[in-house]
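Participant: One structure coming up, written as structure tokens, with questions to follow.
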Amino acid sequence: MRILVFAHRLELGGTQTNAIELAATIRDTYGHEVVLFAAPGPASELARSKGLRLVDAPDAANHPSPAVMRALRAAVRAEKPDLIHVWDWPQCFDAYFGEHLVHRVPLLCTMMGMVVPSFVPRQLPTTFGTRQLAEDARRSRTGTVDLLEPPVDVAFNSPGAVDPAPFKEKFRLTDDKLTIVTVSRLVEWLKLESLLRSIEAVDLLAEKHAVRLVIVGEGTAAERVAARAGEVNRRHGTDVVVLTGGLLDPRPAYEAADVMLGMGGSALRTLAFAKPIIVLGERGFSLPFDESTAGYFRQHGYYGLGKGTETPADLAAQIEPMIEDGPLRKELGEFGRGVVVRYYGLDPAARGLEELYRRVAAAPGNRTTTAREGARTVAMLTARRLPAPVKDKLRAVVRRLAPNRGQGVAS
């Protein structure tokens with residue numbers, strides 16, 4: 001089978017890592033031909049290290065993008081894939097209206113966000129990253145919905161897999177302080193709030209504990225993060241917050257950590273390294289991973305929404321028992337490693353995905369349904385940019401296009 005994997009811009013992020021590692025595993029384990037189509041970025045080197053063949057896509061800010069659609073058409077003509085596996089909804093639009101609707105190339109859309117987008121054509125086969133999202137999606141979508149949790153290579157990411165000493169030496173992480181680490185894209189969407197909250201929490205902890213926060217990552221919010229870190233460091237007269245920038249291989253940072261803060265795929269890689277973690281989210285959400293909370297995270301994913309009333313002091317209070325109790329850190333780390341090995345291994349994820357590829361490739365879809373759902377999506381996307389009275393009129397159009405499961409016009 002020939003598979004074209006259409007990924008995000010290849011930034012250093014969890015979704016990009018998932019797409020690359022699964023593509024390489026599918027190729028190596030099942031012998032399929034896999035090519036990666038994506039806008040180039042720092043993670044291109046990771047793809048090359050896995051031996052994946054890259055086809056560069058234009059870097060677009062809006063989707064569907066005519067430039068991306070033209071480049072994808074050229075890639076499909078050259079590669080002749082049996083299906084396209086798209087990672088997330090912006091790329092889904094680029095593939096849907098040309099390759100799927102016009103040329104009838106089977107399309108699978110993976111969504112790793114924390115919502116079920118109503119504007120994605122509902123008959124498309126999709127995967128979601130948590131059990132709860134998959135359950136929610138099955139109530140509103142007509143196409144098949146499968147669970148694809150963020151996988152982890154539990155051998156590549158494991159205690160002792162790398163030597164943290166060069167990393168610690170480079171960033172002057174001496175052993176006189178406990179090291180709290182977060183590995184994250186430094187971007188406004190989804191991440192910035194928890195990053196700033198982490199800085200504030202460690203600022204409080206540093207008043208009475210010898211601790212530091214190491215932030216690994218890069219992105220559009222890097223200047224805001226650095227500015228806040230600088231304020232904290234100046235007040236303490238020492239580097240309480242250390243910024244490393246992006247790392248193609250962040251494993252030394254995980255290995256160097258005493259405690260981790262994070263969400264999503266980074267949280268799972270933390271568990272693979274047998275490190276204790278407090279899982280972060282938005283609106284103040286934070287929750288330690290332990291035996292009492294593992295069920296919640298298995299169902300809802302490694303993320304959450306708080307009430308909006310939580311403070312950095314609340315996060316500091318969750319961190320404090322971990323930095324004060326070495327045996328507790330060891331116990332939590334061992335428990336987490338057991339969970340990730342049992343449930344989130346890369347090989348089982350690849351096996352399920354390969355089976356899904358075969359199903360999707362065998363069923364290109366009904367052209368009439370594909371056109372109707374495409375029209376519905378265009379109406380919803382257009383409506384998002386219109387005044388409320390016009391949206392009201394378009395709702396009637398959307399309901400006529402999809403009388404059975406109309407979702408309304410996005411606000």
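Participant: Would a scan of region 160-176 turn up a residue that is aromatic (F, W, Y) and touching a Pro at 6+ places or on another chain (Cβ under 6 Å)?
Facilitator: Here is the first cut: in region 160-176, the ones aromatic (F, W, Y) are 167, 171.
After this cut, where a residue has to be touching a Pro at 6+ places or on another chain (Cβ under 6 Å) as well, the list is 167.
Checked region 160-176: at least one residue is aromatic (F, W, Y) and touching a Pro at 6+ places or on another chain (Cβ under 6 Å).
Participant: Residues in region 287-307: is at least one surrounded by 20 or more Cβ atoms within 10 Å (Cβ to Cβ), closer than 22 Å to S184 by Cα, in contact with a Lys or Arg (Cβ under 6 Å, 6 or more places away or on another chain) and not hydrophobic (A, V, I, L, M, F, W, C)?
Facilitator: The answer is no, given that none of the residues of region 287-307 is surrounded by 20 or more Cβ atoms within 10 Å (Cβ to Cβ), closer than 22 Å to S184 by Cα, in contact with a Lys or Arg (Cβ under 6 Å, 6 or more places away or on another chain) and not hydrophobic (A, V, I, L, M, F, W, C).
Participant: Among residues belonging to region 170-199 that are more than 17 Å from G219 (Cβ to Cβ) and surrounded by fewer than 17 Cβ atoms within 10 Å (Cβ to Cβ), point out the one that is nearest to the chain's Cα centre (by Cα).
Facilitator: Selected residue: K170.
Participant: Counting only residues that are farther than 15 Å from L54 by Cβ and aromatic (F, W, Y), how many does region 73-93 have?
Facilitator: The number of residues fulfilling the criteria is 2.
Participant: Kindly provide the set of residues from region 102-119 that are surrounded by fewer than 17 Cβ atoms within 10 Å (Cβ to Cβ) and without any contact (Cβ under 8 Å) to a residue 24 or more places away in the chain, ordered by number.
Facilitator: V102, V115
Participant: Within region 142-169, can you find the residues that are crowded, with 16+ Cβ neighbours inside 10 Å, farther than 20 Å from T15 by Cα and of a type in the set (S, T, Y)?
Facilitator: Matches in region 142-169: T144 only.
Participant: Would you pick out the residues in region 211-251 that are over 20 Å from the mean Cα position of the chain (by Cα) and under 19 Å from Q16 (Cβ atoms)?
Facilitator: If the condition is that a residue be over 20 Å from the mean Cα position of the chain (by Cα) and under 19 Å from Q16 (Cβ atoms), then T244 is the only one that fits.
Participant: If you go through region 103-159 one residue at a time, how many are of a type in the set (A, V, I, L, M) and under 15 Å from the mean Cα position of the chain (by Cα)? Full working, then the answer.
Facilitator: Of the residues in region 103-159, the ones of a type in the set (A, V, I, L, M) are 105, 107-108, 111-112, 114-116, 120, 124, 133-134, 137, 145, 147-148, 152, 154-155.
Among the residues that remain, those that are also under 15 Å from the mean Cα position of the chain (by Cα) are: 111-112, 114-116, 133, 147-148, 152.
Qualifying residue count, region 103-159: 9.
Participant: Continuing with the same structure: With R351, R329, R376 as the choices, which residue is part of a helix (DSSP H, G or I) and touching an Asp or Glu at 6+ places or on another chain (Cβ under 7 Å)?
Facilitator: Details: R351 fails: touching an Asp or Glu at 6+ places or on another chain (Cβ under 7 Å); R376 fails: touching an Asp or Glu at 6+ places or on another chain (Cβ under 7 Å).
After applying the criteria, what remains is R329.
Participant: Within region 131-140, how many residues are in contact (Cβ under 8 Å) with a residue 24 or more places away in the chain and crowded, with 21+ Cβ neighbours inside 10 Å? Show your work before the answer.
Facilitator: The initial filter retains those residues of region 131-140 that are in contact (Cβ under 8 Å) with a residue 24 or more places away in the chain, namely 131-133, 140.
In the following step, the residues that additionally are crowded, with 21+ Cβ neighbours inside 10 Å were identified as 133.
Qualifying residue count, region 131-140: 1.
Participant: Related question: For region 190-217: of the residues being of a type in the set (D, E, K, R) and either under 21 Å from L305 (Cα atoms) or in contact with a Phe, Trp or Tyr (Cβ under 8 Å, 6 or more places away or on another chain) (or both), which is modelled with the lowest pLDDT?
Facilitator: Restricting attention to region 190-217, the residues satisfying the condition of being of a type in the set (D, E, K, R) are 191, 193, 197, 200, 203, 207-208, 212.
Applying the additional criterion that residues be either under 21 Å from L305 (Cα atoms) or in contact with a Phe, Trp or Tyr (Cβ under 8 Å, 6 or more places away or on another chain) (or both) yields 191, 193, 197, 200.
Numbers: K191: 93, E193: 96, R197: 97, E200: 98.
Checking each candidate, the answer is K191.
Participant: Considering only residues of region 17-42 that are part of a strand (DSSP E or B) and not charged (D, E, K, R), which is surrounded by the fewest Cβ atoms within 10 Å (Cβ to Cβ)? Please lay out each step first, then the result.
Facilitator: Narrowing region 17-42 to residues part of a strand (DSSP E or B): 33-38.
So of that shortlist, the ones also not charged (D, E, K, R) come out as 34-38.
On the way: V34: 24, V35: 19, L36: 25, F37: 26, A38: 25.
Per the stated criteria, the residue is V35.
The values are calculated or read from the model by the stated rules, or taken from the named source; none is laboratory data. The structure displayed is predicted, hence computed values, not measured ones. Glycine also receives a Cβ, built like all others from the backbone with ideal geometry; neighbour counts cover every protein chain displayed.
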